[in-house]
Amino acid sequence: MADSTKIESHLNEDRKFPPAEAFAKQARIPSMKRYKELYDQSIADPEAFWAAEASELHWQKKWDTVLEWDAPFAKWFVGGKLNVSESCVDHHLQGARKDKKAIIWEGEPGEVRTLTYQELHKEVCRFANALKANGVKVGDRVIIYMPMVPEAAIAMLACARIGAVHSVVFGGFSAESIKDRIEDSGATAVITADGGFRRGGVVALKANVDEALTKVETIQKVIVLERTKNEVAMVEGRDVWWHDAVADVSTDCPAEAFDSEHPLFILYTSGSTGKPKGIMHTSGGYLTGTYATSKYIFDLREDDVYWCTADVGWITGHSYIVYGPLANGASILMYEGAPNWPEPDRFWQLVEKHRATILYTAPTAIRAFIKWGDEHVDKHDLSSLRLLGTVGEPINPEAWMWYHEKIGGGRCPIVDTWWQTETGAIMLTPLPGATPTKPGTATLPFFGVDAAILDEEGNEVGPNEGGKLVIRKPWPSMLRTIYGDEGRYKETYWGEYEGIYLAGDGARRDEDGYFWIVGRLDDVLNVSGHRLGTAEIESALVSHESVAEAAAVGRPDEIKGQGVVAFVTLKEGYDAGPELRDTLRAHVGKVIGAIAKPDVIRFTEALPKTRSGKIMRRLLKEICSGSGAISGDTTTLEDFSVVASLQAGEDE
Ligand code: WTA
């Protein structure tokens with residue numbers, strides 16, 4: 001009888017891609033030998049490693065103590081004082097970087113704007129003064145609800161400059177979500193825009209803010225950027241246009257020094273159920289983590305054009321559009337709109353036009369590109385790219401291969417980066433000049449990250465045995481708490497093992513010590529006493545030529561405990577039907593084993609996803625168990641009609 005407390009793993013992936021010699025030669029970490037040396041040192045003395053990285057930032061006063069760890073509460077660089085915006089902007093104004101492009105932005109309609117570091121500095125200072133003039137003070141919470149325009153980054157940096165705590169709300173979220181976040185954070189100001197462009201239309205951001213503000217009372221000021229020129233209602237005394245707010249203020253805003261542990265931002269992330277969690281990050285440690293990871297993992301060069309396609313509303317946008325890359329003095333490319341507007345080749349057009357050298361995107365986007373067809377990629381010259389990255393979900397090996405060949409031309413290393421809103425910065429990742437990659441794994445821990453996989457008793461599991469992914473030592477960019485709910489912080493992340501951070505993901509390590517994420521622990525299936533992660537069944541399905549995307553969930557089964565139901569979307573040109581069902585079941589049987597064969601395969605046009613592109617398996621599980629009714633929070637769902645049509649059985 002199988003041990004039903006262990007997560008089993010059956011997927012074998014043995015393709016391996018060592019870094020190209022030419023890439024390795026010029027890389028900061030040019031070999032596995034060097035990685036191992038530095039990694040071992042960093043684990044023997046993490047404080048020394050992080051302190052060396054922190055000292056490359058701009059501190060107004062150096063810290064007295066690197067770490068105070070009173071589990072589960074960490075303080076990093078205690079006694080140190082800095083201004084995060086100074087490290088990201090002012091720091092680069094001496095020398096040639098002053099005139100280097102900090103932001104290259106393209107709007108969805110096609111206009112291009114660039115800001116040099118000097119220009120960015122001026123805008124950040126002006127807007128910081130405008131915030132002050134509108135009554136925003138140190139420690140105040142400020143909601144940022146903006147389209148993907150340079151002002152979104154400017155607003156974040158301006159908050160940081162005056163010590164206000166930003167909470168960015170993704171521009172695709174509803175009035176209800178804004179309201180919840182204002183209530184939870186007690187925010188006093190909102191920075192928004194009249195609208196943003198998306199798929200040729202206008203997203204009416206200000207109207208959503210207005211609706212949210214009918215239900216909350218703490219907001220004193222709303223600053224509104226004019227972007228789309230759609231009509232908006234301005235409330236006298238409360239609402240101010242951005243251009244008016246900055247019209248008469250000085251461009252001189254000295255960077256005040258704040259404690260290293262001064263809160264930098266709160267970012268809400270959905271829990272599996274219930275209300276969103278306000279993940280709180282602070283200043284010195286967060287910046288150190290995002291700075292160091294950006295530098296080593298993207299191996300940033302002075303002439304890179306770095307493009308992270310995330311929205312600033314997600315942690316990836318915070319850490320790897322704004323704080324990490326800017327602290328490194330990088331040129332960042334920012335794009336406002338949809339990847340398939342006006343045509344599905346927009347991303348590749350952007351890469352070609354701006355000569356992007358680094359592309360960091362999500363598996364969900366990669367699977368969409370595959371579905372849309374190679375002809376959209378083939379039209380463009382992608383030879384400027386030298387490094388690719390992914391984040392957000394396990395990447396199915398076949399999607400990885402496509403990314404490698406089609407986008408990377410076989411020459412670009414892929415960094416598959418595992419991390420979370422809570423971790424603040426990348427935790428598991430290849431280093432592009434050192435780590436041989438394998439499709440589907442985030443490989444090895446970053447420096448200073450003590451990652452492991454534990455069983456129920458807290459013992460480390462053996463090679464290829466599944467268990468729970470944990471981090472055993474504190475790291476500087478870790479969340480400090482859940483805003484206003486210390487109890488939930490302790491219970492969610494530190495309740496399972498004493499003094500050890502529980503990530504909530506199931507994982508295994510292979511014979512090379514590489515970490516494979518098998519899915520969220522909440523999503524684990526239990527079939528005849530075998531605990532199976534979702535990722536492997538899904539990747540097995542995606543490895544069939546007809547499949548674009550798949551989601552596997554369990555449904556009650558009298559005999560097996562749970563049976564496997566797979567929801568599958570097909571690539572263009574394939575027809576759903578009983579024959580393909582049989583083929584796919586047999587295919588999974590062959591790739592993983594009979595145990596993982598789906599009992600039911602449902603073909604569907606689309607899968608329910610969060611706004612950041614993660615498949616919401618919880619909803620699918622509810623659809624195929626019992627009544628099919630949906631309970632719990634669905635506000636983060638991208639498109640409810642997908643769920644409705646699945647409930648109605650329209651897929652079958
Ligand atoms: C998943 C995104 C496999 C994982 C930065 C994690 C991944 C959750 C990867 C956090 C990856 C993220 N491989 N799974 N490379 N990256 N995940 O908070 O389940 O939006 O716990 O942060 O995404 O999602 P979040």
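The values are calculated or read from the model by the stated rules, or taken from the named source; none is laboratory data. What you are looking at is a predicted structure, and each value in this text was computed from that prediction instead of being measured. Using ideal geometry, Cβ is built from the backbone for each residue, glycine included, and neighbour counts are taken over all protein chains shown. Quick note on the areas: whole protein, heavy atoms, side chains included, nothing else; ligands and nucleic acids left out. Shrake-Rupley method; radii C 1.70, N 1.55, O 1.52, S 1.80 Å.
Below are the figures for this structure:
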read-out: Neighbours by Cβ (under 7 Å, 6+ apart or cross-chain): first from the range 300-320, closer than 13 Å to Ala425 by Cβ; second small (Gly, Ala, Ser) and away from the ligand (no atom under 13 Å from the Cβ); value: Tyr320/Ser294
read-out: Qualifying positions in the range 511-520 - more than 11 Å from Gly466 (Cβ to Cβ), open to solvent by 10 Å² or more (accessible area, probe 1.4 Å) and either away from the ligand (no atom under 11 Å from the Cβ) or at pLDDT 95 or above (or both); value: Glu511, Asp512, Gly513
read-out: Cβ pairs under 6 Å, 6+ apart, first in the range 511-537 and within 24 Å of Glu398 (Cβ to Cβ), second polar (S, T, N, Q) and within 12 Å of the ligand (Cβ to nearest atom); value: Tyr514/Thr441; Tyr514/Thr443; Trp516/Thr441; Gly519/Thr534; Asp523/Thr534
read-out: Inter-residue pairs, beta-carbon under 7 Å, first closer than 19 Å to His354 by Cβ and in the range 384-409, second within 15 Å of the ligand (Cβ to nearest atom) and polar (S, T, N, Q), 6+ apart; value: Gly389/Thr417
read-out: Top-ranked residue in the range 303-333 [being among the hydrophobic types (A, V, I, L, M, F, W, C) and over 19 Å from Thr364 (Cα atoms); ranked as nearest to the chain's Cα centre (by Cα)]; value: Val322
read-out: Within the range 607-652, considering residues that are open to solvent by 40 Å² or more (accessible area, probe 1.4 Å) and within 12 Å of Phe567 (Cα to Cα), the one modelled with the highest pLDDT; value: Lys621
read-out: Whichever residue in the range 522-534 is under 14 Å from Ser9 (Cβ atoms) and within 11 Å of the ligand (Cβ to nearest atom) and, among such residues, is surrounded by the most Cβ atoms within 10 Å (Cβ to Cβ); value: Gly533
read-out: Any hit, the range 294-306, residues being in a loop (DSSP other than H, G, I, E, B), within 16 Å of the ligand (Cβ to nearest atom) and outside the structural domain of Ile615 (by TED's automatic domain parsing); value: yes
read-out: Residues being basic (Lys, Arg), in a helix (DSSP H, G or I) and within 27 Å of Asp505 (Cβ to Cβ) - total across the range 6-47; value: 1
read-out: Ser272 being part of a loop (DSSP other than H, G, I, E, B), open to solvent by 20 Å² or more (accessible area, probe 1.4 Å) and modelled with pLDDT under 95; value: yes
read-out: Of all residues making up the range 587-602, the number that are part of a helix (DSSP H, G or I) and within 19 Å of Gly577 (Cα to Cα); value: 3
read-out: Unique residue being more than 13 Å from the ligand (Cβ to nearest atom), open to solvent by 20 Å² or more (accessible area, probe 1.4 Å), outside any strand (DSSP E or B) and small (Gly, Ala, Ser) when the list is Ala540, Ala576; value: Ala576
read-out: Any chance Thr441 is surrounded by fewer than 23 Cβ atoms within 10 Å (Cβ to Cβ), within 15 Å of the ligand (Cβ to nearest atom), touching a residue at least 60 places away in the same chain (Cβ under 8 Å) and assigned by TED's automatic domain parsing to the domain that holds Asp304; value: no
read-out: The one condition in (1) free of Cβ contacts under 8 Å to residues at least 60 places away in the same chain; (2) under 24 Å from the mean Cα position of the chain (by Cα) that Tyr268 fails to fulfil; value: (1)
read-out: Count of residues meeting criterion [under 30 Å from Gln118 (Cβ atoms) and hydroxyl-bearing (Ser, Thr, Tyr)] in the range 60-89; value: 2
read-out: Which numbered condition Ala310 fails, given (1) assigned by TED's automatic domain parsing to the domain that holds Val149; (2) under 28 Å from Arg227 (Cα atoms); (3) not in a loop (DSSP other than H, G, I, E, B); value: (3)
read-out: Tally of residues being open to solvent by less than 10 Å² (accessible area, probe 1.4 Å) and within 12 Å of the ligand (Cβ to nearest atom) across the range 422-438; value: 8
read-out: Any hit, the range 51-66, residues being closer than 30 Å to Asp523 by Cβ, within 28 Å of the chain's Cα centre (by Cα) and part of a loop (DSSP other than H, G, I, E, B); value: no
read-out: Condition check for Val449: open to solvent by less than 10 Å² (accessible area, probe 1.4 Å) and within 15 Å of the ligand (Cβ to nearest atom); value: yes
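Matching residues to (1) open to solvent by less than 70 Å² (accessible area, probe 1.4 Å); (2) among the β-branched types (Val, Ile, Thr); (3) within 30 Å of Gly495 (Cβ to Cβ):
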{"position": "Lys61", "(1), (2), (3)": "no, no, no"}
{"position": "Leu93", "(1), (2), (3)": "yes, no, no"}
{"position": "Ala96", "(1), (2), (3)": "no, no, no"}
{"position": "Ile104", "(1), (2), (3)": "yes, yes, no"}
